[in-house]
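J.: Sharing a structure, written as structure tokens. Questions coming.
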2 protein chains.
Amino acid sequence: MSGPADAPIGVFDSGIGGLTVVRELLQQMPEEGIVYFGDTARVPYGTKSADTVTRFSRENALFLERMRVKFLIVACNSASALALPTLQREFRIPMIGVIEPGARAAAAATRNGRIGVIGTQATIGSRAYDAAIHKIDDKLEVVGKACPLFVPLAEEGWVEGEVAESVARTYLAEVLDHGIDTLILGCTHYPLLKDTLQRVVGDDVTLVDTAVETITEVQTRLVDSGLRRGGTGSGEPDLGESNRGEPGRGEHAYYVSDVPGQFRQVGERFLGHGLEPLVWVDQNDLPWYERGASR
Amino acid sequence: MSGPADAPIGVFDSGIGGLTVVRELLQQMPEEGIVYFGDTARVPYGTKSADTVTRFSRENALFLERMRVKFLIVACNSASALALPTLQREFRIPMIGVIEPGARAAAAATRNGRIGVIGTQATIGSRAYDAAIHKIDDKLEVVGKACPLFVPLAEEGWVEGEVAESVARTYLAEVLDHGIDTLILGCTHYPLLKDTLQRVVGDDVTLVDTAVETITEVQTRLVDSGLRRGGTGSGEPDLGESNRGEPGRGEHAYYVSDVPGQFRQVGERFLGHGLEPLVWVDQNDLPWYERGASR
């Protein structure tokens, strides 16, 4: 028999970036089931307004709610920065974004009290990291910098080499001038550029990957609320369509709003294994239609 | 009294790039009214699938159809490449894309018969320029190259300097190896990078800006079909909301699917004058809702 703890964890992102969070989830809690939704038809979110990002995020959460997830991870920094409070008000599912765990990790890591944050225009413009860090310690100094070219660079696969270095040097000069010793990678794409970023900022600056911190926090919250799926073979996550993995490993399903060609290619290279089942969800099947009609 | 020729011309694009076409339209036919729709909530199209770009394009055309435009310009290369035949089948409004005019101009410009095309992944992957050029002359050699970083570079405003040059050199090396003498800028954003591109390809290569050719063709088709608006003060275009320009100048209205902040800023700098009225169209007001419900 399967109980509430056997339900899958829902993860959504504007596209492929949230797979950095899935990779960490697989590493820390391989026995959990996962339903991933990537809004590849409307990616990116980081260049769009709070209203639009909130509307899209609501629709994504609604989709995962219908998939009966037990917990929701907003794996997109822009959505976490702009839409999380609204989602927390509107939905009953326990949920987490990536901002607060990242802020906590950075506050713990800094020695000189100066933290840099890089992210999309939406994330940096929201000053959500600043607020989260100052809630922990208001004496910490935070300097943010929007780096809109990092996402297309990562998606183009230009994560090393002349162009990547030149872009990184241009963006990071200002942040480095503030003498930071800790840099939050405030976008799920940025870990792909980690080597180049570390080279540009130097070894004395600690890079904070919010995925690691987020999943550690998810694990704590699942355990505390009795929702952690118990080890080996304790039941099947409640997934309509799902892969059948080895016993004791969670089942996974991946949904995307655009045809999955490129998502599969980049995603598989990225996660290091197959993305199955990978389902294209046509807009007509997505729940915002119903919402629109009923309002 | 206003007749069919007084109706406005509809222009849509995935976002802001189509304003290069509007600028040319203003130059060649200042007395025409314009309704522009930029799908800024779902931009870009060039990284998305044919199915998704066709769906979005249909919704945009439907919106402009309701605005009673007399002629439709698909100002987005990706939408022209992937969705134009479908739109031509489904809609009665006379319409044009940017691919065929660009192909004709390039075929006329080349001396050595070798033409390069740069554009988004969607446009280059569709081989729409190749097909259009070969319809004119199948002995012409066409070499295409997708340049996904040019759009974010243009939107970031990095149109000159070290990064832009380095990206352009990387992308264009392959095309230049083919000994082309003509290069089609197959994306409405690329004219913003014109100076850098010209420097990289050298003065012997002719750059073809499809906006210029497209508007010339629109003018011919309007005249031929008796839909060209006649000179000074012959009536008011049939726009619900519109600016009141000087007599003899067409009225304009701009609609966007995301909150217009950045669109206004970049667009005004780009067009060299105000974008008024500029209206944010919420998805609930967009016609795809009705379509979805009625199907």
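The values are calculated or read from the model by the stated rules, or taken from the named source; none is laboratory data. None of these values were measured; they are calculated from a predicted model. Heads up, the Cβs are rebuilt from the backbone with ideal geometry, glycines too, and the neighbour counts pull from every protein chain shown. These accessible areas exclude ligands, DNA and RNA; they are computed on the full protein's heavy atoms, side chains included. Shrake-Rupley method; radii C 1.70, N 1.55, O 1.52, S 1.80 Å.
J.: Over the range A:74-177, with every protein chain in place, what whole percent of the accessible area is carbon and sulfur at 1.4 Å, could you tell me?
T.: Its accessible area is 48 percent carbon and sulfur atoms.
J.: Also, I was wondering about something else. Label A:Asp282 and A:Arg169 with points 7 Å out from Cα along Cα→Cβ: what is the distance between them in nm?
T.: Taking the two extended label points, one gets 5.1 nm.
J.: What's the buried accessible area, both sides, between B and A using a 1.4 Å probe, rounded to 100 Å²?
T.: 2900 Å²
J.: Counting Lys and Arg as +1 and Asp and Glu as -1, what is the net charge of the other residues whose Cβ lies under 14 Å from the Cβ of A:Val159?
T.: In short, -3.
J.: Also, quick follow-up: For a quick check: with amide H placed at 1.01 Å from N, whose amide H comes under 5 Å from B:Met95's, ignoring anything fewer than 5 positions away on the same chain?
T.: Residues meeting the amide H criterion: B:Leu72.
J.: Mind putting a number on the dipole of the protein assembly as shown about its Cα centre? Charges go on the C-beta only, +1 for Lys and Arg and -1 for Asp and Glu, and I need it in Debye to the nearest 20.
T.: That gives the protein assembly as shown a dipole magnitude of about 980 debye.
J.: Okay, moving on. Does anyone have the angle between helix B:77-90 and the longest principal axis of chain B? Alpha-carbon axes, 0 to 90°, nearest 10?
T.: With both axes taken from Cα atoms, the answer is about 50 degrees.
J.: Return the long-range amide H neighbours of A:Thr188 (sequence gap of 5 or more, or a different chain), with a cut-off of under 5 Å between placed amide H atoms.
T.: The list, which skips near neighbours in sequence, is A:Asn77.
J.: Distances in nm, one decimal, shortest first, from A:Glu165 to the same residue in every other copy, taking the label point 7 angstrom along Cα→Cβ.
T.: Output for A:Glu165: 1.7 nm, nearest copy listed first.
J.: Put a label point 7 Å from Cα along the Cβ direction on B:Gly274, then list its distances to the equivalent points in the other copies in nm, shortest first.
T.: Result, one decimal in nm: 6.0.
J.: Hey, what does the equivalent ellipsoid look like for the range B:31-142, semi-axes from the Cα gyration tensor as sqrt of 5 times each eigenvalue, largest first, whole Å? Each step should come with its number before you reach the end.
T.: Working: eigenvalues 140, 54, 28 Å².
They are 26, 16, 12 Å, listed from largest to smallest.
J.: Let me ask another. So which of B:Lys48/B:Lys194; A:Lys135/A:Lys194; A:Lys70/B:Lys48 end up more than 29 Å apart, counting from Cα to Cα?
T.: Among B:Lys48/B:Lys194; A:Lys135/A:Lys194; A:Lys70/B:Lys48, the Cα-Cα distance tops 29 Å for A:Lys70/B:Lys48.
J.: Per the Debye formula with a single identical scatterer at each Cα and no solvent contribution, what log10 I(q)/I(0) holds for the protein assembly as shown at q = 0.11 Å⁻¹?
T.: Relative scattering, expressed as log10 I(q)/I(0), comes to -1.06.
J.: Another question, then. Mind listing P(r) for the range B:99-210? All alpha-carbon pairs, 5 Å bins, whole percents.
T.: 2, 13, 26, 27, 19, 9, 3, 1
J.: Using a 7 Å offset from Cα along the direction of the beta-carbon, what are the separations from B:Gln27 to the same position in each other copy, nm, ascending?
T.: Here the equivalent label points are 5.3 nm apart from this one.
J.: Using only Cα atoms, locate the centre of the range B:1-26 and the centre of the range B:259-275, then give the distance between them in Å, rounded to an integer.
T.: Between the Cα centre of the range B:1-26 and that of the range B:259-275, the gap is 16 Å.
J.: Enumerate the calculated ³J(HN,Hα) couplings along the range B:118-126 in order (Karplus 6.51 cos²θ - 1.76 cosθ + 1.60, θ = phi - 60°), each rounded to whole Hz, writing x wherever the residue is Gly or Pro.
T.: Going residue by residue, I get 10, x, 6, 4, 4, 5, 5, x, 6 Hz, with x marking Gly and Pro.
J.: Here's another thing I want to ask about it. Just to check I understand the Karplus step: with θ = phi - 60° and J = 6.51 cos²θ - 1.76 cosθ + 1.60, what whole-Hz values come out for the range A:96-113, glycine and proline as x?
T.: Result, rounded to whole Hz: 9, x, 9, 6, 5, x, x, 5, 4, 5, 5, 4, 6, 7, 5, 9, 9, x.
J.: Per DSSP H run of n ≥ 4, the term is -39500 (n - 2.57); total these for chain B, divide by its residue number, and report the mean residue ellipticity at 222 nm rounded to 500 deg cm²/dmol. Provide the component values of the computation, followed by the final result.
T.: Numbers: 12 runs with 131 residues, N = 295.
Counting only the DSSP helices, I get -13500 deg cm²/dmol.
J.: Using the Karplus curve 6.51 cos²θ - 1.76 cosθ + 1.60 with θ = phi - 60°, work out ³J(HN,Hα) for each residue of the range B:18-30 in order, rounded to whole Hz, and write x for Gly and Pro.
T.: Once θ is set to phi - 60°, the couplings for the range B:18-30 become x, 5, 4, 6, 4, 4, 5, 4, 4, 6, 7, 9, x Hz.
J.: Considering amide H positions built from the backbone, and no H for Pro or chain starts, which residues 5 or more places from A:Phe37, or on another chain, come under 5 Å of its amide H?
T.: A:Val11, A:Phe12, A:Asp13, A:Tyr255
J.: How long are the semi-axes of the equivalent ellipsoid of chain B, defined as square roots of 5 times the Cα gyration tensor eigenvalues? Whole Å, largest first.
T.: 31, 20, 19
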